[in-house]
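The numbers here are math on the coordinates, done by the rules we state, and not lab data. All values reported here derive from a predicted model rather than from experimental measurement. When we count neighbours, we look across all protein chains shown, and the Cβ atoms used for this are built from the backbone with ideal geometry, even at glycine.
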Amino acid sequence: MSQSPEGILQNLRRAITEGEYAQLEALLPALRDTEAALVNSDLTTLQTLQAEAERTESCLVSALAGVRAARRRVAEVSEAAKGLTTYDRGGHKATVPAALPTSRRV
């Protein structure tokens, strides 16, 4: 049973908002397959579909921004784990290694 393009877009948006990103891969081919059916659609149907697509696009843009922010934060934490980055009087970058634990197991 094939879904309508509007239903597919709604499912895409739901998967994005609920964080079920694995479902996106399954929904995209279905969305591509419905493209041919849009050729014979009336203006009202196309306008409704455009509004649905714009809402879905907004969710995708926001989700992508969130993923980018998370990747930047992971990179920052990774850099911080390497040690403190400082600059000397000459402006040269130097990394002070992270301190080792003071206690050791004997």
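Calculated FRET efficiency, residue 93 to residue 71, Cβ-Cβ distance, R0 = 25 Å: about 0.65 to the nearest 0.05. Couplings for the range 42-56, taken from phi via the Karplus curve 6.51 cos²θ - 1.76 cosθ + 1.60 with θ = phi - 60°, read 7, 4, 4, 5, 5, 5, 4, 5, 5, 4, 5, 5, 5, 5, 5 Hz in order; Gly and Pro are left as x. The label-point distance for residue 81 and residue 42, in a model that sets each label 7 Å from Cα toward Cβ, rounds to 5.9 nm. The residues neighbouring residue 23, those whose beta-carbon lies less than 14 Å from its own, together hold a net charge of -1 under the Lys/Arg +1, Asp/Glu -1 convention.
Only helices enter this figure: runs of n ≥ 4 DSSP H residues, each worth -39500 (n - 2.57), summed and divided by the residues of the chain, yield -21500 deg cm²/dmol at 222 nm to the nearest 500. Cα-based radius of gyration for the chain, normalised by 2.2 N^0.38 Å, reads 1.88. Under 5 Å from the amide H of residue 83 lie the amide H atoms of 98, each residue being 5 or more positions distant or on a separate chain, with H modelled from the backbone and absent for Pro and chain starts. Shown in residue order for the range 68-83 are the 3J(HN,Hα) couplings computed by the Karplus curve 6.51 cos²θ - 1.76 cosθ + 1.60 at θ = phi - 60°: 4, 4, 5, 5, 4, 5, 4, 5, 4, 5, 4, 5, 5, 5, 6, x Hz (x for Gly and Pro).
Relative to the dominant Cα principal axis of the chain, helix 5-17 is inclined by about 20°. Across the range 87-92, coupling constants 3J(HN,Hα) worked out from phi with the 6.51/-1.76/1.60 Karplus curve, θ = phi - 60°, read 10, 8, 4, x, x, 7 Hz, and Gly and Pro carry x. Projecting the Cα atoms of 62, 74, 22 onto the charge dipole of the chain (Cβ charges, centred on the Cα centre) puts 74 farthest toward the positive pole. Under a 10 Å cutoff between Cα atoms, tell me which one of 60, 31, 43 has the largest fluctuation in the Gaussian network model of the chain. Comparing 60, 31, 43 in the GNM, the peak value goes to 43.
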